[in-house]
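The values are calculated or read from the model by the stated rules, or taken from the named source; none is laboratory data. Note that the coordinates shown come from a computational prediction; the quantities given were computed from them, not determined experimentally. A quick note on method: Cβ atoms are made from the backbone with ideal geometry, for glycine too, and the neighbour counts reach across all protein chains shown.
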Amino acid sequence: MDSPKAGEPGWWPEAEPFRIKVVETIRRTTRPEREKLIEEVGFNVFGLRSEAVYIDLLTDSGTSAMSDAQWAGLMVGDEAYAGSRSFYRLQEAVAGVMGFPLVIPTHQGRAAENVLFTTLVRPGDVVPNNMHFDTTRAHVEHRGGTALDLVTEDAYDPVADLPFKGNIDLDKLEKTLARRQEPTAGTAPAAGADLSIPFVLITVTCNSAGGQPVSMANLRAASEICRRHEVPLYLDAARFAENAFFIKLREPGYGNRAVREIAREMFSYVDGCTMSGKKDGLVNIGGFIALRDPEVYQRATVWAVLFEGFPTYGGLAGRDMEAMARGLEEVVDEDYLAYRVGHVAYLGRSLKEAGVPIIEPVGGHAVYLDALRFLPNLPREQYPAQALTVELYLEGGVRGVEIGTVLAGRDPATGENRFPRLEMVRLAIPRRVYTRQHLDVVAGTCRRVLERRGQLRGLAFTHEPPVLRHFTARFERL
Ligand code: PM9
């Protein structure tokens, strides 16, 4: 009998499509231990040692369990300063899975951003995106540019159950590009044109909007708009395979297409991508820039050498590139993706059944708690999502991460807190690491905190770094 196709009734995987070959012991702590530990780190879970965490959902980045084939690849990796065999394996994998001929390895995603944005962004430039991830925004701002979020309004509605809430708003994109100072060939400069736009970026899936996917129709239309205005379009491709799988599940016409083909079509609409291999590269370290344009490649390699290393290793060992090449091939496997998306959806469903407010629909790599509905009585100046993150740790040794006001930082012009429209706690699920029983523990922890939410107190900064403050900030309880 044919097994049901993804999206058809019964497609939900019965169990993990892998066996566990190596295990890592994790330890439970007591509540008094956790009380002491969280106070020591200034109520910021980034400061905790991972041994003090029972179930670590801080990030899905660099936390994947590698496959036996990837571990074997570490031995095969060829360590050479220039021209490593493993670099060419990576180049082949990127060409095969994404269709780009040119690759610059980097040690992780933000390093790819640093190299590409140093090449392309000038002070005063504006970079539109569906929604910038925090490192992406910080790198645009570091270059003196402005990061402009143009995601559709749907993304800001935590309960709108829509298939592609990561889409870029095409009308806003069109209007923004029409304000470019540089006239499009054959046209006069638009009256009042006031923006310098080096490129447009689309983040798949849209992490800052809850891991929501972008549809193929949206990518295609955005690409057409960018081409018409002669502005390059890039993908932030950190979770491209999860995005491709959502297209297969949700977009008419793609149900019978292979995810690999869908991914290739997604990339066919763009000029290149930045990639954090720590997500859909299924590795613990690594990233790259992939490009079509040899001129941009040449210019970027100059910065790659300065910041990362020779363009055939870019801050990575040969073995890291080998593991990433293998990870890129594995991540488009449909049994893996059905398990992956189903696993995350399982946690979302358990939380919803327990009455825990979450962002819906559940995204590809994480479940996001809606802190504004979870803790309606805490004012935003008291950082409710940070307070909830602390409480999940205290209750069950579960580490999530705040995606709200603390992460959003201050407006560089006014110095005021930026209050994002969504105040969330992200529970990111590492790939191939935790079982469903672990997810049951997480759901139970959230439910118990919900039951006593009236007792939760807010937080205030005692130390606030000027950039990317969420990583190293310290707080006190109010
Ligand atoms: N994302 C995440 O946990 C890791 C850093 S914050 C704890 O979600 C996108 C969409 C990301 C991303 C990292 C990066 C940067 C770029 N784009 O972490 O530098 O989600 O490899 O990638 C994190 P690197």
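Does N114 meet the test of being within 25 Å of S268 (Cα to Cα), within 16 Å of the ligand (Cβ to nearest atom), touching a strand residue (DSSP E or B) at 6+ places or on another chain (Cβ under 6 Å) and among the polar types (S, T, N, Q)? Steps first, answer last, please.
On the way: within 25 Å of S268 (Cα to Cα): yes; within 16 Å of the ligand (Cβ to nearest atom): yes; touching a strand residue (DSSP E or B) at 6+ places or on another chain (Cβ under 6 Å): no; among the polar types (S, T, N, Q): yes.
For N114, the condition - within 25 Å of S268 (Cα to Cα), within 16 Å of the ligand (Cβ to nearest atom), touching a strand residue (DSSP E or B) at 6+ places or on another chain (Cβ under 6 Å) and among the polar types (S, T, N, Q) - is not met.
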Tally the residues that are assigned to a loop (DSSP other than H, G, I, E, B) and within 16 Å of the ligand (Cβ to nearest atom), restricting the search to segment 240-285.
10
Among strands (runs of 3 or more DSSP E) entirely inside segment 372-478, those with 1 or more residues being small (G, A, S) are 424-428, 459-463
All but one of (1) surrounded by 22 or more Cβ atoms within 10 Å (Cβ to Cβ); (2) more than 16 Å from the ligand (Cβ to nearest atom) hold for R474, so report the exception by its number.
(1)
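Quick one: which of V398, V433 is within 16 Å of the ligand (Cβ to nearest atom) and crowded, with 20+ Cβ neighbours inside 10 Å? Talk me through it step by step, then tell me what you get.
On the way: V433 fails: crowded, with 20+ Cβ neighbours inside 10 Å.
Selected residue: V398, the only one of V398, V433 that is within 16 Å of the ligand (Cβ to nearest atom) and crowded, with 20+ Cβ neighbours inside 10 Å.
Conditions (1) at pLDDT 95 or above; (2) within 25 Å of the chain's Cα centre (by Cα); (3) surrounded by 14 or more Cβ atoms within 10 Å (Cβ to Cβ); (4) in a helix (DSSP H, G or I), marked per residue:
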| position | (1), (2), (3), (4) |
| --- | --- |
| P4 | no, no, no, no |
| E8 | no, no, no, no |
| E14 | no, no, no, no |
| F18 | no, yes, no, no |
| I26 | yes, no, yes, no |
| L58 | yes, yes, yes, no |
Could you tell me whether any residue of segment 447-469 is under 28 Å from M66 (Cβ atoms) and at pLDDT below 95?
yes
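Yes or no, residue by residue, for (1) in contact with a Phe, Trp or Tyr (Cβ under 9 Å, 6 or more places away or on another chain); (2) farther than 30 Å from G144 by Cβ:
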{"residue": "S64", "(1), (2)": "no, yes"}
{"residue": "S84", "(1), (2)": "yes, yes"}
{"residue": "L116", "(1), (2)": "yes, no"}
{"residue": "N129", "(1), (2)": "no, no"}
In this structure, does A371 turn out to be under 20 Å from Q108 (Cα atoms) and modelled with pLDDT of 95 or more?
no
Test: Q70 is under 20 Å from the mean Cα position of the chain (by Cα) and touching a residue at least 40 places away in the same chain (Cβ under 8 Å):
no
For V390, indicate whether it is within 14 Å of the ligand (Cβ to nearest atom) and either buried (at least 23 other Cβ atoms within 10 Å of the Cβ) or modelled with pLDDT of 95 or more (or both).
no
How many residues are crowded, with 20+ Cβ neighbours inside 10 Å and assigned to a loop (DSSP other than H, G, I, E, B) if we restrict to segment 328-355?
1
Go through segment 239-274 and count every residue that is among the hydroxyl-bearing types (S, T, Y) and in contact with a strand residue (DSSP E or B) (Cβ under 8 Å, 6 or more places away or on another chain).
2
Does at least one position in segment 231-239 carry a residue that is more than 16 Å from the ligand (Cβ to nearest atom), more than 19 Å from the chain's Cα centre (by Cα) and at pLDDT 95 or above?
yes
